[in-house]
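Notes follow once the structure below has been shown.
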Amino acid sequence: MKTHYIAFLSLMLLALGLSAQSIAVPPNLNGTAGFPFTYLSDFIDADTSAAGEQLHDTYLLQRGALYFFTGEKTWTFDVNLVATGDEALGQPVVSRANAAGGTALAPMYRGFGSFTWDGIYIIMGEEGADAAAYETAPFRPEGSDKRFIFTNCTIEKSRQGTIRIEGDNTKTYITNCEIRNFGDFERFQGNGRIVDTRDNFTDSVVISNCVMYNIVDRIFIGFRQQGLNYFEYTNNTLFNHIGRHGLIQLKNTRESVIKDNIFMNPSMMGTSPFLANEQIAHVNETNYLFSIDTMVAGASIDMSNNNVFWTDDVLNYYATFDSVTQPMVLSPEFAAMLANPADAYFSEVLELNNVPDRAPLIQYCREAVTYRDSVGITDIMVEDISLANTPFDKGYLFDFNLFDPCYDITSASATAASDGLGLGVRFLCDYSVGTQNVAYNPALNLKSAPNPASDFTQLTYNLNQASHVNLTVFDMNGRTVTTLQNGQLPQGVHTVTWNNFSNVPTGMYFVNLQTEEGRMFIRVVKQ
């Protein structure tokens, strides 16, 4: 089989020249006219010179095409997989196959280089319509000092998570992605995380502008890690989250930023400290959404502008099921790291426009706690409606062509982010109509004194009616300096002091006041 790829690559190299760093991967090297596909991992294996050197580092996958990994790859070189072609054809799909025709499917990657997946639909762990569990870790990079990127991808069906990191000093970025169906489903054995750093020292983990749903476990699990320099979770929308053991679990983390997110029904399963059942919590433990196990000297957590809320049906589950209670948001240790825990989040109940039903997940939570062996419980893996009346149809289908995780543009959350725009995922949602086009209203009477100022300035304004207020300072390049207020305030005159002048250089700054009555800005000069 390798000679087939070598012959093809030789022809391509004649056309592109030996200096080429990227190569298009044909969409049908191994399939038939009726079912075209290419064994992608075999193609990359064969992309070598006579001396055994890798010829390319970027592989262009045709949109609308199907590609397979045929085994667990332990590549030592960097690999970039990038979608190309007509966007109307949809993302190229990468899944797994057994080229020998067997049913056993190997994990996808356990290599030592950096990698990027850009614009790919990745099916990480499907093992058939009746699969109750998936392999432990389809992506398990071993390299240290490497960079791992998933961007503009759809990622689904993994028991372990998007990535389980085994090397030290790595950087992981997951941005602009839709992530769904993570964890064991017909039996509850946990897992189903987004990032797991294991017991390594990691440089940075960034999860930004993603939508995540039908997830069993925590979004980030760091309780084993030796250390983490930087953690960021920003502008994400999370819903249909079972939340075994919580939501975000930090340890030995130097700098953390958690801002501008929608957390809808986080940790639906709830908490129960008296249940000695590892399915939900260890004995005498209480689950918090946000926790930190071990602090580092000089560490900081910047958490603000988040909407954390539960809908009535989930609250009713907590109220009527004696075994569990609603989880608390901040652990005492986590709250102690915040400058003002009251600014970490607010609660505005929203409904997303069109997303998979949460009723099966509520039923799943009840069953997983009631039946300790958790075998044969409700399958919460949501499938596309195109699979109706097939073995994949377990009664939980959704038309993903109509997927819409956005919310009411007139809600407070639509202007509640640290930049005055909408909370949550943005590559699928645009709330700018409800923010940038708000009328300028000088009747808000925003003033600053003293101005110019050297140590502090006091800002005052007037609300004619109760309103959600966002008062944010920007520099002359439009970058956020600080958010002074973000929340619901009553009618009347309000005063707030901007007193951290020592942290900003001299110059001019904009103070922007955003309310339901309109917006107003003034200039403040730092001497």
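Computed on region 439-526, with alpha-carbon pairs under 8 angstrom and 6+ residues apart, the relative contact order is 36 percent.
Seen from P505, the other residues with C-beta closer than 12 Å to its C-beta sum to a net charge of 0, counting Lys and Arg as +1 and Asp and Glu as -1.
Counted by Cβ distance under 11 Å from W75, the other residues give a net charge of -4, where Lys and Arg count +1 and Asp and Glu count -1.
Exposure proxy ranking for V349, V205, based on other Cβ atoms within 10 angstrom of each Cβ and starting from the fewest, stands as V349, V205. Considering the values (1) 42, 29, 22; (2) 52, 30, 26; (3) 43, 25, 22, which represents semi-axes √(5λ) of the Cα gyration tensor in Å as calculated for the structure under consideration? Evaluating semi-axes √(5λ) of the Cα gyration tensor in Å on these atoms matches (1). Here is what passes the span test in the chain: the DSSP H helices with alpha carbon length of 15 Å or more along the helix axis and a Kyte-Doolittle mean of -1.0 or above are 2-16, 359-370.
Neighbour counts of C-beta atoms inside 10 Å place S467, S304 in the sequence S467, S304, starting with the fewest. Per residue of the chain, the DSSP helices (runs of n ≥ 4 H) give a summed -39500 (n - 2.57) that works out to -2500 deg cm²/dmol at 222 nm. Placing +1 on each Lys and Arg Cβ and -1 on each Asp and Glu Cβ, with no other charges, gives the chain a dipole about its Cα centre of roughly 940 debye. Measuring nothing but how far apart in sequence close Cα pairs (under 8 Å, 6+ apart) lie, relative to its length, the chain scores a relative contact order of 8 percent.
For the pair region 196-217 / region 57-120, the C-alpha centres are spaced 21 Å from each other.
Ordering T390, T202 from the fewest to the most neighbouring beta carbons within 10 Å gives T390, T202.
Only beta bridges with both residues in the chain are counted; by DSSP, about 30 percent of them are antiparallel.
None of the figures in this text is laboratory data; all of them are computed from the coordinates on show. Since we're looking at a predicted model, the values are computed, not measured. Here Cβ is always computed from backbone atoms with ideal geometry, including for glycine, and neighbour counts include all displayed protein chains.
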